[in-house]
Amino acid sequence: MQIKGWFDAVVALGLKVKDREARGHNLRVARLCVHIGRQMSMSASELRVLARAGLMHDIGKLGIPEAVLDKHSPLDESEWILMRTHPEMGLTLLDRIGQSSREVLAVLYHHERLDGSGYPYGLKAEAIPIEARIVAVADTYDALTSDRPYRKACTQAEARRVLVEEAGARLDTRAVGALFSALDSHVSDVNRFSNVEIGTRRALAY
């Protein structure tokens, strides 16, 4: 299914994205995923999967109440339990629109961590698909370098330190290194897609 197809399918489900920053986050994650994939010498078809996975990685948050998403203080335990359901909510939504399996698995597993400390299933190491490991790195970096309701953004240097600390234990070392290579190359198009990568410039907000 092309991006336009699943975009229209999601709209047909009556789903809306209300938060402009959430839209921006998804786009940035998708772009970073593509640049990581390029540094890892992935094929054009693999880059398209990464682009779509990045765009859709948080689609399950459509099922999370705004009061939880926009909370200006740390989540309590019950709110964290609810928030951690969003990968499985994403699976449910994507199954309904017939999205292909590689993207769906990346959405479902993007919060899994190499040491098994992630969610929803506590997968470890190579049991986590490479697309999900790449989305995890891109998502973590963008989350750290973006303002959130409960905290200000880290600097790029601070974000890099966190990723270095997490590499190997929780985040994929190759993907972290590829992200740094992409950032260090000062790619002027780091915030841009090409048509060959995603097939269309129309992008799903969540």
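Only helices (runs of 4 or more DSSP H) whose full extent lies in region 72-148 are considered here, and the ones with at least 3 residues that are in contact with a helix residue (DSSP H, G or I) (Cβ under 9 Å, 6 or more places away or on another chain) and without any contact (Cβ under 8 Å) to a residue 24 or more places away in the chain are 77-83. Would you confirm whether or not region 153-168 contains a residue that is open to solvent by 60 Å² or more (accessible area, probe 1.4 Å), modelled with pLDDT under 95 and not in a helix (DSSP H, G or I)? Scanning region 153-168, I find at least one residue that is open to solvent by 60 Å² or more (accessible area, probe 1.4 Å), modelled with pLDDT under 95 and not in a helix (DSSP H, G or I), so the answer is yes. Selection within region 58-67: residues that are without any contact (Cβ under 8 Å) to a residue 40 or more places away in the chain and under 19 Å from the mean Cα position of the chain (by Cα). The member of this set that is least open to solvent (accessible area, probe 1.4 Å) is 64.
What do you reckon, is residue 174 part of a helix (DSSP H, G or I), at pLDDT 95 or above, open to solvent by 40 Å² or more (accessible area, probe 1.4 Å) and of a type in the set (Lys, Arg)? So residue 174 passes the test.
When restricted to residues that are of a type outside the set (S, T, N, Q) and more than 25 Å from residue 49 (Cα to Cα), region 120-159 contains 11.
Checking 90, 98, 118 one by one, the residue that is modelled with pLDDT under 95 and buried (at least 21 other Cβ atoms within 10 Å of the Cβ) is 90 and no other. Evaluation of residue 130 against the conditions (1) under 18 Å from the mean Cα position of the chain (by Cα); (2) open to solvent by 30 Å² or more (accessible area, probe 1.4 Å); (3) under 25 Å from residue 69 (Cβ atoms) shows that the sole unmet condition is (3).
The set of residues in region 177-198 being polar (S, T, N, Q) and modelled with pLDDT under 75 consists of 188, 191, 194, 195. Among the residues of region 101-115, those identified as buried (at least 16 other Cβ atoms within 10 Å of the Cβ) and of a type outside the set (D, E, K, R) are 104, 105, 106, 107, 108, 109, 110, 111, 114.
The values are calculated or read from the model by the stated rules, or taken from the named source; none is laboratory data. Everything numeric here is computed off the predicted structure, so don't read it as measured data. Cβ: placed from backbone, ideal geometry, glycine included. Neighbour counts: every protein chain shown. Accessible surface is based on the protein model in full, side chains and every heavy atom, while ligands, DNA and RNA are left aside. Shrake-Rupley method; radii C 1.70, N 1.55, O 1.52, S 1.80 Å.
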